[in-house]
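Reviewing the structure listed below.
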Amino acid sequence: MSLGDRNSLMGIWKLKSLQFELADTGEIADAFGPNPAGYLILTGEGRMMTIVTRSDRVPPKEDADGSALFNTMMAYTGNFSVEGNDKFITDVDLAWHPAWNGIQQTRFFKVEGDTLLITTPQQAHPMFPGRMGRGALTWTRA
């Protein structure tokens, strides 16, 4: 990857869509509803931070409501490195879910002007127990 290509990845990105594509059927579902909210920050120093939520979240009225909010968000940060022309790997050092602390998250990307397309490797998703697929996120420059 040239320095110019790598630099096109850096910046602040606003989430436009987050979908999950099932491997067995090709079915596509909005993972956090039709209008998710979120930001992704990638710095030239190699730090990544992101937060993604459903856009229809409301303040909790009871403890159970607060617990449910946990399932409608994702946030993590860590140092990242770019490999090749289309992949970056984040060494997660802090996450909304403690199971992600200390692991690596691999993402594949393509920058098209002011649009960043990111896909995940094949993985399980809690919306579809026992089925595999990949996430597809579309971001625009903020």
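Regarding the range 119-140, can at least one residue be identified that is more than 25 Å from residue 25 (Cα to Cα), in contact with a strand residue (DSSP E or B) (Cβ under 6 Å, 6 or more places away or on another chain) and among the aliphatic types (A, V, I, L, M)? No. Considering only residues of the range 63-77 that are at pLDDT 85 or above and among the polar types (S, T, N, Q), which is nearest to residue 36 (Cα to Cα)? It comes out as 72.
Filtered by the rule that a residue be surrounded by fewer than 17 Cβ atoms within 10 Å (Cβ to Cβ), in contact with a strand residue (DSSP E or B) (Cβ under 8 Å, 6 or more places away or on another chain) and polar (S, T, N, Q), the range 81-118 gives 81, 101, 104, 106, 115. Please work out which residue is surrounded by the fewest Cβ atoms within 10 Å (Cβ to Cβ), limiting yourself to the range 3-43 and to residues that are among the hydroxyl-bearing types (Ser, Thr, Tyr) and at pLDDT below 95. So, considering only residues that are among the hydroxyl-bearing types (Ser, Thr, Tyr) and at pLDDT below 95, the one surrounded by the fewest Cβ atoms within 10 Å (Cβ to Cβ) is 25. Each residue in the range 44-62 was checked for being at pLDDT 95 or above, within 19 Å of residue 141 (Cβ to Cβ) and not aliphatic (A, V, I, L, M), and 2 pass.
The values are calculated or read from the model by the stated rules, or taken from the named source; none is laboratory data. Everything quoted here is computed from the prediction, not taken from an experiment. Counting neighbours? That spans all protein chains shown, and the Cβs are built from the backbone with ideal geometry, glycine included.
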